[in-house]
Amino acid sequence: GYLRPQVDALPSWYNQLVKAQGFAGTFEDAVTRDGHLWDYAAMLAPWAETFGEDAIRVWTYPPGDVRTDYLARIGAADVIRVAPVQRQNRRILRDILEYQRIINQRSVPTVTKRRFHKRLIALSHAEPSSPALKDAPFVSTARLVDLAARYAESNAEVARRFGLPHPLFDRAAPVDHGNPEDYPGPSP
């Protein structure tokens, strides 16, 4: 399996929770609820105990396409061609994310929420995007660095147990996308 740096995985997971799984909480709510998922040593332990550490293959996310990397690792890169990506699952703008959270809080049928979701995704990915829509991070870089530190011991254990380089990930700090406190809330 592939492991993703927690500083990248946590924001991505939150974005997915809101836009695709109907989550209505904040980023901190998601970390409280699901933060254990990024403790890779704990998540891999039952697999290693059941199948043995030698049977478990652990890699870190490559800089390019994970599908191409996987095919190369299993020796199938010359046999199987990776299909072009038809539709990327991109991050949505902060305003759109907040609108989706508001919809997710409503007691309307899931079908209705999905209809709104599809429209919001299209709006978020429209080129060029509306200047009325604001984008901003929902978590600060400092908070992500703090969260990554929470997983440092687990990452070191994974590196040791599965013969990976230490540190497990090339970089500990995420790209700084600004201050979430600068976001005034969804635009009208």
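The values are calculated or read from the model by the stated rules, or taken from the named source; none is laboratory data. Every value quoted in this text rests on a predicted model; they were computed, and no experiment measured them. Ideal geometry is used to build each Cβ from the backbone, glycine not excepted, and the neighbour counts take in all protein chains shown. For the accessible areas, the whole protein counts, side chains as well, though only heavy atoms, and no ligand, DNA or RNA atoms are used. Shrake-Rupley method; radii C 1.70, N 1.55, O 1.52, S 1.80 Å.
Descriptive notes on the structure:
- Scan region 146-165 for residues that are open to solvent by less than 30 Å² (accessible area, probe 1.4 Å), in a helix (DSSP H, G or I) and over 17 Å from residue 55 (Cα atoms) and the total you get is 4.
- Filtered residues of region 53-72 (kept if farther than 12 Å from residue 2 by Cα and either open to solvent by less than 50 Å² (accessible area, probe 1.4 Å) or touching a Phe, Trp or Tyr at 6+ places or on another chain (Cβ under 9 Å) (or both)): 53, 55, 71
- Sole exception among (1) under 14 Å from the mean Cα position of the chain (by Cα); (2) open to solvent by 30 Å² or more (accessible area, probe 1.4 Å); (3) modelled with pLDDT of 90 or more for residue 91, by number: (3)
- Residue match in region 110-127 (condition: in contact with a Pro (Cβ under 8 Å, 6 or more places away or on another chain), within 25 Å of residue 23 (Cβ to Cβ) and open to solvent by less than 40 Å² (accessible area, probe 1.4 Å)): no
- Selection from region 58-83 of residues that are within 18 Å of the chain's Cα centre (by Cα) and of a type in the set (Ser, Thr, Tyr): 60, 61
- Residue 139 of a type outside the set (Gly, Ala, Ser), in contact (Cβ under 8 Å) with a residue 12 or more places away in the chain, within 19 Å of residue 9 (Cα to Cα) and surrounded by 11 or more Cβ atoms within 10 Å (Cβ to Cβ): yes
- Just one of (1) closer than 18 Å to residue 8 by Cβ; (2) modelled with pLDDT of 85 or more; (3) among the acidic types (Asp, Glu) fails for residue 153. It is (1).
- Only listed residue being in a helix (DSSP H, G or I), under 16 Å from residue 144 (Cβ atoms), open to solvent by 60 Å² or more (accessible area, probe 1.4 Å) and at pLDDT 95 or above, chosen from 32, 50: 32
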